[in-house]
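What follows is a short report on a single structure.
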């Protein structure tokens, strides 16, 4: 029996599940899909959206299938039911860690213990137990993240077991035309081939014609496509215009007071989710906020609080909601505009899954368009940044470096997704070779003395073993071995060092435990001649597509025609009614007319602030408060939490690059407390304001003060 004392609650539950799976699971091979749907999932029957057709197509092995079923339509049943009926394993590739965990736990509650997931949230010891079950053919349903699937060891293990079906969930992630592009998906066609090329079921909630074509091309398959209607007639779609000079927070507060039932509020930034939650709580409306900056335990606690009905209002970034299946959500509020029609429709799809009417209210502010485009303008690197990353790799002292996309993001100020895409293109061009999840450090216990090991070892390894054991690193560190540091000191080849430790473990001279893994990149000479021009073009193309997605959403939302019709036409859905009677352009929501809009007379427009760009800051003659006021006016919006560090030039080196390019960066040296006190006075005097996003913004009074 496993000693569980060192495992957390989550890991203990997985170990218990492993033990259940070892004792064999229920056999559904003689059941019909309808029987499984009823007995396991409690369905009365299948939805009229292609569910049953997809399941039958898969079970009769008629070929590869693409299922396009909107959020809430039951995509998971399309592979879970065949997985239970079929003899061998089903592999589900998904980027959504929360979804994997939720679906596996849901299956366990239904008595299905042969479903597991492999992703970055589980430790190596637990992962090894799951791998052991896979090799014993005791796993029916394996959820795996695309980056985990890139591990050669995982591929090697999966290639040795029989796989009845590979499911590519969130299939739109493989397309640059999709709204949530993931470079890790680009390797899936090649990986699926290494698994014996089993049938593929690709699933997505949203896909235009271009995305459908791209999914076929990128996965190198000819899919039979089943597309359900995107219409959710019980979702009342409301677009409420809230001009920039209106106090949006107060309007939002009064709106929440009028709504009942479980409510998700989507907001653009982490700070905004926190500020809106504070606003509601201060007005005796209980709410919680949720974003990716919270640790996993706290996120789970807050998610459970909302799912269990303990707290009915959650204010979240889009980090919340993927795979969440709460039936009775009555309201979805978009405090800010989403980035695409696809994103908007997926997010409102969280509501009304119990078949009752629900409100989907978007607070449309013209300024959000410009802020959203400014936000994504930094998502994709230009030529200079691409060159910076490649030079960063070239300038390493060794051609084998431990590095992953997240680490390179911090080191080069290029976001993780484009870093992954650059590495993918470099590997395609054979300028680098990536090794996913190789051994980086581990705990070692010696079963024999060093001299005894040297005396007993195979002659092939003796010289290298002597070199390793006599290294300065090895003299000072006995139990935790960091291969990166050891290789750096000994100048030995990483794979040779790894081979030696595996040999020593195989001979029982040492025991290796608590393994930790990292990605390894091998730099080839071809990197020196790599042509970045296609990458520059590709990133600009993706950026333009993302701008177009925002424009497409604005057209849908601001059209005087039926909003539902405009959205469904975007998804190529024909034969629609001219009037739906369930959107704010067809039937006004009278409740909104009862909420007064409080005008902020002191609000300065973007045009008024832009006119300040010609001002000059004179450190020698300007008064201190004028220096601060000019800084905020000229640079338009500066995060309050960073303001003192911007002025003093002391930002952390890994801060966003645009902050270093502000006109006010490093213009003075002053105590942060004095800057903070002066800012508070300027805000109190209404010369500056703090936006809900936590940024400092000059006001009309502030502009008047400067122009005097």
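The values are calculated or read from the model by the stated rules, or taken from the named source; none is laboratory data. Model, not experiment: these values are computed from the prediction. No Cβ is skipped: glycine too gets one built from the backbone with ideal geometry, and neighbour counts run over all protein chains shown.
What is the residue count in the range 418-430 for residues that are more than 16 Å from residue 388 (Cα to Cα) and in a helix (DSSP H, G or I)?
3
Among (1) modelled with pLDDT of 90 or more; (2) over 23 Å from residue 438 (Cβ atoms), which single condition is residue 188 missing?
Condition (2) is where residue 188 drops out.
Considering the range 281-298 alone, what residues qualify as being within 25 Å of the chain's Cα centre (by Cα) and in a loop (DSSP other than H, G, I, E, B)?
287, 291, 292, 293, 294, 295, listed by residue number.
Mind telling me which of the residues 644, 656 ends up being farther than 23 Å from residue 608 by Cβ and out of contact with any helix residue (DSSP H, G or I) (no Cβ under 8 Å at 6 or more places or on another chain)?
One residue alone meets the criteria, 656.
Going through the range 302-326 one residue at a time, which ones are modelled with pLDDT of 90 or more and either assigned to a strand (DSSP E or B) or surrounded by 22 or more Cβ atoms within 10 Å (Cβ to Cβ) (or both)?
The answer is 306, 313, 314, 315, 316.
Name the one entry in 278, 213 that is assigned to a helix (DSSP H, G or I) and either in the same structural domain as residue 75 (by TED's automatic domain parsing) or in contact with a helix residue (DSSP H, G or I) (Cβ under 6 Å, 6 or more places away or on another chain) (or both).
Checking each option against the conditions leaves just 213.
Every residue, every condition in (1) crowded, with 16+ Cβ neighbours inside 10 Å; (2) farther than 30 Å from residue 232 by Cβ; (3) within 31 Å of the chain's Cα centre (by Cα); (4) at pLDDT below 65, yes or no:
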{"position": "5", "(1), (2), (3), (4)": "no, yes, no, yes"}
{"position": "9", "(1), (2), (3), (4)": "no, yes, yes, no"}
{"position": "14", "(1), (2), (3), (4)": "yes, yes, yes, no"}
{"position": "17", "(1), (2), (3), (4)": "yes, yes, yes, no"}
{"position": "23", "(1), (2), (3), (4)": "no, yes, no, yes"}
{"position": "31", "(1), (2), (3), (4)": "yes, yes, no, no"}
{"position": "36", "(1), (2), (3), (4)": "yes, no, no, no"}
{"position": "39", "(1), (2), (3), (4)": "no, no, no, no"}
{"position": "49", "(1), (2), (3), (4)": "yes, no, yes, no"}
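Given 244, 184, which one is touching a residue at least 60 places away in the same chain (Cβ under 8 Å) and more than 30 Å from residue 535 (Cα to Cα)?
On the way: 184 fails: more than 30 Å from residue 535 (Cα to Cα).
Only one candidate qualifies: 244.
Among what's in the range 614-652 and is over 36 Å from the mean Cα position of the chain (by Cα) and in a helix (DSSP H, G or I), pick the residue that is modelled with the lowest pLDDT.
Out of the qualifying residues, it is 614.
Can you tell me how many residues within the range 159-176 are crowded, with 20+ Cβ neighbours inside 10 Å and touching a helix residue (DSSP H, G or I) at 6+ places or on another chain (Cβ under 7 Å)?
Residues in the range 159-176 being crowded, with 20+ Cβ neighbours inside 10 Å and touching a helix residue (DSSP H, G or I) at 6+ places or on another chain (Cβ under 7 Å): 9 in total.
If a residue has to be under 23 Å from residue 119 (Cα atoms) and in a strand (DSSP E or B) to count, how many in the range 386-417 make the cut? It would help to see each step written out before you state the result.
Narrowing the range 386-417 to residues under 23 Å from residue 119 (Cα atoms): 401-410, 415-417.
Pick out the ones that are also in a strand (DSSP E or B) and you get 401-402.
Count: 2.
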